[in-house]
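What follows is one structure encoded as structure tokens, with my remarks underneath.
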Amino acid sequence: MRIFNTSGPCNPDLHYTVMREDLVATGQQLVEQGRYFTIFAPRQAGKTTYFQLLFRHLQHQNFTPVWISFESLRTIGREKFYQVMGHELQRALASYGLKLNYSFADQVDVQHFFEALRAETPRIVLVIDEFEDVPAAVMSELLHAFRKMYHQKEYYALHSLALVGVGSLAELVVSSASPFNIVDELQIPYFSRGEVEHLIGEYVSDSGQRFAPEVLQAIYDNTQGQPGLVCALCHYLVTAAVPNRAEPVTQDAFYATLRHFLTERLDKNILNVVQKAKEKQAFMLRLLFDDNPIPFTVDDENIAYLHANGVVDNVDGFVEIPVPLYSKRLITAFRPLIQGETRL
């Protein structure tokens, strides 16, 4: 029997999964058109699950989808970076039986590699995760190389490219320091109310354990469809709060679960949001405890950072914490600070 996944990307064979058919179709269209695009969303929002679902479709259409990651590479030197990139590319392609013994030293080698691959497989779709972690000394020249391959596709195997990250990568790659002004942008939204209901419906069909209708609404109301939180709440409800499948998941069980998440739970998703918020402490104190609304603009460094990390969002033109469960935990985390200031 499948489970609600609370760690890493979802595998539909093992986990209850929102298949995001419309979103996958949008990505598939971008790939078919040979576009280079960005995929961005806060952590635990389902980016990795999304492009793995996309890969399943692409593999049935004679594309060669390849995933590599630049996570934790920001501080390494230029030469080492290209060595790591080359290793990851060749390891990923080896799973398709494509084995090239190629040395990488700079961006020209990246271009030559994809040129050599064209005779083997002309339809590579490259997904680069954690693209923000490209070392600063490499960013511009690597984007130059991708741009050249985009404009001269007849010579290279790189059919489509997706850059994945937690911020608006489109802004990064079209900055004054970058020549890479050819990207489309694909956002990964949180689950809709209907998607939350469908996800839980999969579990109900498999297990026979009923969820009271008001519990479905309460889960959505408290998470606003944040994928990591939805799965975490559901997992706790059916494994800890109501482990007997003969018993329905009631509103009382949900309230007990919510209390656990608000007061006791060391949930990595929530802890990450609290940590990111504390990095912008002065701004968060103003947002949480000052009645004056703050206009939303990504030109404000604080707002841009907190938005990229899923702490705040643009709600009718103003900065708000869109996920009530986050808001309640953040108030608890920051209230001692504001009370301390009041006593001074």
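The values are calculated or read from the model by the stated rules, or taken from the named source; none is laboratory data. A quick note: this is a predicted structure, and the numbers were derived from the prediction, not measured. When we count neighbours, we look across all protein chains shown, and the Cβ atoms used for this are built from the backbone with ideal geometry, even at glycine.
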Condition met for ALA119 (of a type outside the set (Asp, Glu), within 15 Å of ALA137 (Cα to Cα) and without any contact (Cβ under 8 Å) to a residue 60 or more places away in the chain): no
Only one of THR6, THR49, THR26, THR17 that is touching a Pro at 6+ places or on another chain (Cβ under 9 Å) and of a type in the set (Ser, Thr, Tyr): THR49
Matching helices (runs of 4 or more DSSP H) fully within region 213-305 where at least 2 residues are modelled with pLDDT of 95 or more and over 18 Å from SER327 (Cα atoms): 213-223, 227-236, 251-263
Qualifying residue in region 113-121 (condition: assigned to a helix (DSSP H, G or I), modelled with pLDDT of 95 or more and farther than 23 Å from GLU32 by Cα): no
Single residue of ALA137, ALA92, ALA145 found to be closer than 24 Å to PHE37 by Cβ, touching a helix residue (DSSP H, G or I) at 6+ places or on another chain (Cβ under 8 Å) and part of a helix (DSSP H, G or I): ALA145
Members of region 277-305 found to be surrounded by 13 or more Cβ atoms within 10 Å (Cβ to Cβ), touching a helix residue (DSSP H, G or I) at 6+ places or on another chain (Cβ under 7 Å) and under 22 Å from PRO189 (Cα atoms), listed by number: ALA277, PHE296, VAL298, ASN302
LEU98 being part of a loop (DSSP other than H, G, I, E, B), assigned by TED's automatic domain parsing to the domain that holds TYR156 and in contact (Cβ under 8 Å) with a residue 40 or more places away in the chain: no
Failed item in (1) farther than 26 Å from TYR190 by Cβ; (2) of a type in the set (A, V, I, L, M); (3) within 23 Å of the chain's Cα centre (by Cα), with LEU98 passing the rest: (3)
